[in-house]
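Taking it in order: structure first as structure tokens, then the write-up.
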Amino acid sequence: MDFSQFKQQFDKGHVDPVYLILGDQAYLAQQVKDIFIDLIPDTERSMNIGSYDMEDVSVSAAVEDAISVPFFGERRLVIINRPYFLTGKKVKTKVEQNMDDFEGYLKHPEESTVMVIFAPYEKLDSRKKITKSLKKAATTIEIGKLRESEIKKLVVNQINTKGFQINDDALDRMMQLTGGKLTTMMGELPKLCLYNNDTKVIDIDSVNGLVSRSMEQNVFDLVNTVLRKNAKESMDIYHRLILENDEPIRINAVLIQQFRLLLQVMILQKHGYSQGNLASALKVHPYRVKLAMQTVRKFNYDQLRDAYIGLIETEKEMKSTSRSPELLFELFVLRFMKKSAKTSG
């Protein structure tokens, strides 16, 4: 189920013994955590809430807590964070994890305990026995994969709760500047509300003036200026990224990633993939796919391929020569413009 479905179920008083919260969405993860914490009265929380980070402690310690009787209360809440052993991820830790203890608990969870496992990962390793056991025993709440409409609804609800409103164009611009990241958008709200405290309406001017541009948005703008063959604007954006302490090799890598995405979207669209199918197949944020679809309409395959190959060559030069990264990027832009002009001519 998603966050909204979980909240509806929870509001009706239905509580399961084990929950798996899947996805790297810090804002929603905190919302879910707060909902579970509210199950335990204030006066009992210090005694009946345990939180365990699996990169620092053994899951056996969490299980031992879970099977304990609540201390002067009706329920215990046991929170398990970063269960890396559910994934293929390799983590440097000296802690030995006993999966037998965990599996045993999942087969017979304690009635008076609510165990909540926060897995901030895109996916789990479904081949592992422990992952299969957990998915069978737990109620899974997906918080990582949100559609654009769901993100907007959550943001608008939060704004309305504070007694404010937001214009549609301001909300769209906010989505664009933050790359559609819910946690980032929620983090921008306090200053937007403070700035618009007199009118109680968040407009596009305040969004443009106050919301920080994400790395992804800067790269998206850079991709489009390169494809439009605007050398000056391309270099202006590139230098802005450098000033924001982004490493040239990282900027180039993100550009390669973005052009690869554009090529993939263009090719898969020709094979009948829709926006939703593309996001799922390519395992990227749906908003990134939406922006990519808007871009590929304006350019052809040869342009995207030439830019992609040019950036790969630039990366090789960055790693093998002592020439200035800024110069190498400028040469890439000029070569691309020259080649693109020949192709169109």
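The values are calculated or read from the model by the stated rules, or taken from the named source; none is laboratory data. Keep in mind that this is a model prediction, so the values were computed, not measured. Cβ coordinates were reconstructed from backbone atoms using ideal geometry, including for glycine residues, and neighbour counts include every protein chain displayed. Ligands, DNA and RNA are stripped out before the accessible areas are found, and what is left, the full protein with its side chains, is counted by its heavy atoms. Shrake-Rupley method; radii C 1.70, N 1.55, O 1.52, S 1.80 Å.
Quick check: net charge around GLN269, other residues with Cβ under 14 Å of its Cβ, Lys/Arg +1 and Asp/Glu -1?
Neighbourhood net charge equals +4.
Just to check I understand the Karplus step: with θ = phi - 60° and J = 6.51 cos²θ - 1.76 cosθ + 1.60, what whole-Hz values come out for the stretch 116-121, glycine and proline as x?
Per-residue couplings from phi come out as 10, 9, 9, 10, x, 10 Hz.
Would you mind working out the accessible area per residue for the stretch 35-128, using a 1.4 Å probe, and quoting it in Å²?
57 Å²
What is the Cα radius of gyration of the stretch 24-125 over 2.2 N^0.38 Å, N being its residue count?
Here the Cα radius of gyration is 1.09 times the empirical estimate.
Probe radius 1.4 Å, ligands and nucleic acids ignored: give me the carbon and sulfur share of the accessible area of the stretch 215-341 as a rounded percent.
Carbon and sulfur atoms account for 52 percent of the accessible area of the stretch 215-341.
With every protein chain kept in place and ligands, DNA and RNA left out, what is the accessible area per residue of the stretch 148-210? Probe 1.4 Å, answer in Å².
49 Å²
Using the alpha-carbon atoms, what tilt in degrees (0 to 90, nearest 10) does helix 325-344 show relative to the longest principal axis of the chain?
The answer is roughly 60 degrees.
Find the percent of Cα-Cα distances in the stretch 215-341 that exceed 19 Å, and round it to a whole number.
It works out to 47 percent of all Cα pairs.
Multiplying the sequence separation of ASP205 and GLN294 by 0.36 nm and subtracting their Cα-Cα distance, what value in nm do you get?
29.7 nm
Given H placed 1.01 Å from N in the peptide plane, which residues other than close sequence neighbours of TYR19 have an amide H under 5 Å from its amide H?
MET115, VAL116, ILE117, THR139
Hey, rough spin-label estimate for THR321 and GLN165, points 7 angstrom out along Cα→Cβ, what's it come to in nanometres?
Reported label-point gap for THR321 and GLN165 is 5.7 nm.
Report, in degrees rounded to the nearest 10, the 0 to 90 angle that the Cα long axis of helix 248-270 makes with the longest principal axis of the chain.
Compared with the principal axis, the helix lies near 90 degrees.
Testing the spin-label approximation: label points 7 Å from Cα along Cα→Cβ at ASP125 and LYS89. State their distance in nm.
Once both label points are built, they end up 1.3 nm from each other.
For the chain, what is one quarter of the convex hull surface built on the Cα atoms, given in nm²?
The Cα convex hull of the chain, projected and averaged over all directions, gives 22.1 nm².
When the Karplus curve 6.51 cos²θ - 1.76 cosθ + 1.60 is applied with θ = phi - 60°, which whole-Hz ³J(HN,Hα) does each residue of the stretch 203-219 get, with x for Gly and Pro?
Those phi angles translate into 10, 5, 5, 5, 5, 4, x, 10, 7, 6, 7, 6, 4, 4, 5, 4, 5 Hz.
Leaving ligands and nucleic acids out of the surface, order GLU315, GLU247 by accessible area at 1.4 Å, largest first.
So, going from the largest accessible area down, we get GLU247, GLU315.
Given H placed 1.01 Å from N in the peptide plane, which residues other than close sequence neighbours of SER51 have an amide H under 5 Å from its amide H?
ILE79
Out of residues 5 or more away from ILE202 or on other chains, whose amide H comes under 5 Å of its own, with H placed 1.01 Å from N in the peptide plane?
GLN165, ILE166, ASN167
Taking the Cα-to-Cβ direction at LYS132 and at LYS153 and moving 7 Å from each Cα, how far apart do the two end points lie in nm?
About 3.5 nm separates the two model spin labels.
Which lysines have a Cα less than 19 Å from the Cα of LYS229, not counting those fewer than 8 places away in the same chain?
LYS298, LYS338, LYS339, LYS342
Straight distance only, please: which aspartates and glutamates reach the Cα of LYS191 with their own Cα at less than 19 Å, same-chain residues fewer than 8 apart left out?
List returned: ASP168, ASP169, ASP172, ASP203, ASP205.
Using a 10 Å cut-off on Cβ atoms, rank the peptides 287-296, 149-158 from the highest mean neighbour count down.
Most protected by this proxy first, the peptides run 287-296, 149-158.
Hey, what do the phi angles of the stretch 230-243 turn into as Karplus ³J(HN,Hα) couplings, whole Hz, using 6.51/-1.76/1.60 and θ = phi - 60°, x for Gly and Pro?
Each residue's phi maps through the Karplus curve to give 9, 5, 4, 5, 4, 5, 4, 5, 4, 5, 5, 5, 4, 5 Hz.
How long is the gain from MET47 to THR183 if the chain were fully straight, where each residue apart is worth 0.36 nm and the alpha carbon distance is subtracted?
Contour length minus Cα-Cα distance gives 45.9 nm.
May I ask you to compute the full-extension gain from ILE67 to LEU331, defined as 0.36 nm times their residue separation minus their alpha-carbon distance, rounded to one decimal in nm?
88.6 nm
In what sequence, highest mean first, do 33-39, 248-254 appear when ranked by Cβ atoms within 10 angstrom?
248-254, 33-39
Using mean Cβ contacts within 10 Å as the protection proxy, how do 264-277, 46-59 order, highest first?
With the highest mean Cβ count within 10 Å placed first, the list reads 46-59, 264-277.
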